[in-house]
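Data block below; observations after.
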Amino acid sequence: MNTSQTIATWIGTAATSIGLGSLIAQSSAIGDRLDPFYRVRSREHLGSWADGQQRPKWFQLTKPPPVGPTITALLTHGFCGSNTIRLTRKPTTKVGKASWTALLAVLHPDAGPTQFLRLDDLPHQKAAGSHIEIAELGEIIHDERPSSVEWAGLPSQPLRKYGDTACLTVDRRTFTTLLAIQNSKPNYRYSGSAGHRAAYSNYIGVWYIDWPIGGSAVVRFSAHDSHTDKDPYPLYFVQRVDKCIYMLAGIVEIGDSKTAFPGRKGDGEWVLEFQTRGFNGSHGSRHLYNMLGGKSYEVDRLFRRKVEQSGSLDRTVKLLVPTVGSANVTASLYVRANEVKLLQNALDCLPWTSLSWSLHRGMKDILLAFGKATMQTYRAALATKLKEGIEEHPRVFEQRGWDPTFIRENMPHMAYNTVMAGAGNSGDLVRIVADAALLFWDKGDNELDHTSFWTQLRYGRECEENGTVRDATDLDADAVIALTKYVVMEWSQELDYQMYYELPMELLLA
C-alpha cells in the first residue's frame, strides 16, 4: 500500500506540474486573448508613457487600452498648440519601441525667447578681440536638456494595436506638417498593385510609410543612428510651424498680404503676372494650404501665362527656370516692372530659419533665378565675412552651445565653403551659416524676416546703366541676413506638396 500510495502521489504531483507548466506555457496566448495590448504595455515599449496608465477596476475582467498623447499640427495652432518649437538632432530621453515615443523626444515645446549673443553684447574694450572669458559674457542662453514629461499635459487618446506595436492615430494634415517641420525630402515612393510605400529622410530621422491594399496606412519614425560621439552642434534649434507651411506651399508674407508662387511649367516662353486674390483659382498648392488651416481666398498669386508674341516683352527681366519635364531643360520667364518689385520684396521677406526648408520648387526656381546674378556679386564677400566673424569671436559661439574645438578647427572653413558652393543638401552646414550670420544682426529677432537689401537694388535696364547700389566689399547687417536667407534657399530641399494625395485621411503612427 505504501508503495502504491507513493506512486499515486508522484503521479498526481507530476500531473499537477504538467498542468501548471501547460498553463504557464499558454499564459502568453491567454494574455493576448484577454488583453490585445498584453505585450506592449511595458516601459520597454511605451517609454515614459508607460507610467500613469489607467489601472483596471477590481471588477473589470479586461484591461482598458493603454493611452498615448494626441498629436496635432496645423497652420492655425502649430504643433500641439505651440507655433514655435525646439528640435533636437537625437532623442533627449530614453524612448520605447513605439516610434512615436522617439518623435516626441526630438520635438520639444517652446522654451520662450532665446537671447542670442551678438557683437553688440560684447564688452566695448574687447569687442574686436577674440580672447574673452566666458565669465565676462554672462549667462546668455540656457541649454538645458528637455525632460521626459514635457508633453505630459497633452490630451490622451486610446492606442490602437497594429501588429506588434501600439499606435497613435494622426491625420494626414499633421503628418504633412511634420514632414515640413523636420526638413524632409523623398527617398523613394512606390504605388502599385500591392499598395503604397514611401520613405522620407530629414534632419532628425527617417519616416517610413506602408499602406498595403486593403490594410491600414502605417507610418513609422526612426531617429538617426549617426553622430554617436558628442555632437559639436548646439543641443536644439528653433522651428516655426507656420513659416514651414508657408514655404512648403510657396507663399511669402509681404507686409499684410500673402503672395503664392506658381509651380513648374513646360518649356517655351512665359510671363509672370500678379493677380490680386488669385490663389483660390490655382491648381498647385491651394488645396494643401486650405487643408493645413490656411484661407486661400485671402492670398494673391503670381501666375505664369504662356507668351504668344515675345516682341512686346523687350523691357522686362528675363529668367531661365527649370521645366516640369526635366530640370536640365529651361524655360524663359519674363518679369515686368511691377512683378520685379514684388520679387524683390519677396526675397527681403523670406522668413528666417536656422535650418533649410522643405520648399515649394516653383518658388525656389523663380527666386533663385531672379537673385542669382546679385548673389554671385556678393557671394565671396559674404563667405569671407562669416568666416572671419567665427574666427574672431569663437567665445560667442561657445556660449551658444557649439563645441570649442569644432569652432576653431572646422566651423570657419565650413561656413565659407557652404556659401561659395551655391547649392547642397546639408542641414548641418545651413545651421553653421545661419548662426554665423546672427553674429552681425543688430536688431530684434522678430525683424529677421524683413530686410531691405533686395528692394534697394536696381534691375532691368537700370541695372545695365547704373549697376547696383551697394558696395560688394562692405556688407552691413541687413545685407548679411538677406543674403544668408538666399543661401538657405539654395540649400533647401524640394518636397512634392501634392504627396498628400497618396495618403488616407487617417494614419496609424506606430
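The values are calculated or read from the model by the stated rules, or taken from the named source; none is laboratory data. Predicted model only: the values in this text are computed from it and were never measured. Neighbour counts run over all protein chains shown; Cβ positions are idealised from the backbone, glycine included. Ligands, DNA and RNA are excluded from the accessible area calculation, which covers all protein heavy atoms including side chains. Shrake-Rupley method; radii C 1.70, N 1.55, O 1.52, S 1.80 Å.
Distance between the modelled labels on Arg305 and Met420, one decimal in nanometres: 4.5 nm (7 Å Cα→Cβ projection). With Cβ to Cβ distances under 10 Å as the rule, what net charge do the other residues near Arg240 carry (K, R +1; D, E -1)? Around Arg240, the charge tally is -2. Other residues within the sphere of radius under 11 Å centred on the Cβ of Thr169, judged by their own Cβ, net out at -1 (K and R +1, D and E -1). Backbone geometry of the stretch 253-265 corresponds, through the Karplus equation with coefficients 6.51, -1.76 and 1.60 at θ = phi - 60°, to 3J(HN,Hα) couplings of 7, 10, x, 8, 10, 10, 10, 9, 9, x, x, 5, 10 Hz, x marking Gly and Pro.
Rounded to the nearest 20, the size of the Cβ-charge dipole of the stretch 394-453 about its Cα centre is 140 debye, with Lys and Arg at +1 and Asp and Glu at -1. Listed by chain and number, the lysines placed with their C-alpha closer than 17 angstrom to that of Lys63 are Lys161; residues fewer than eight positions away on the same chain are left out. What part of the accessible area of the stretch 365-510, given as a whole %, is carbon or sulfur when the probe is 1.4 angstrom? With neighbouring chains kept in place, the figure for the stretch 365-510 is 44 percent.
Under a Cβ-Cβ cut-off of 15 Å, what is the net charge of the residues other than Ala510 that fall near it, where Lys and Arg count +1 and Asp and Glu count -1? Summing Lys and Arg as +1 and Asp and Glu as -1 gives +3.
Between Arg189 and Val324, the C-beta separation translates, for a Förster distance of 25 Å, into a calculated FRET efficiency of about 0.90. Taken one residue at a time, the phi angles of the stretch 68-85 give Karplus couplings (6.51, -1.76, 1.60, θ = phi - 60°) of x, x, 8, 9, 9, 8, 8, 4, 6, 9, x, 8, 6, x, 10, 6, 9, 10 Hz. Gly and Pro are set to x. Taken over the alpha carbons of the stretch 290-421 as equal point scatterers, the Debye sum produces base-10 log I(q)/I(0) values at 0.22 Å⁻¹ of -1.40. Taking a straight line from the alpha carbon of Lys372, these lysines sit under 28 Å away, with near neighbours fewer than eight places off in the same chain left out: Lys185, Lys243, Lys258, Lys265, Lys306, Lys318, Lys341, Lys364, Lys385, Lys387, Lys443, Lys485. If a spin label sat at a point 7 angstrom from the Cα of Ser332 along the line to its beta carbon, no backbone N atom of the stretch 339-367 would be nearer than 14 Å. Across the stretch 438-451, computed HN-Hα scalar couplings (Karplus, 6.51 cos²θ - 1.76 cosθ + 1.60, θ = phi - 60°) run 4, 4, 9, 6, 10, 10, x, 4, 5, 8, 5, 6, 10, 10 Hz from first to last residue, x flagging Gly and Pro. Database remark: amide H of Ala331 closer than 5 angstrom to the amide H of Val321, Thr323 (H placed geometrically; neighbours at sequence offset of 5 or more, or on other chains; Pro and chain starts carry no H).
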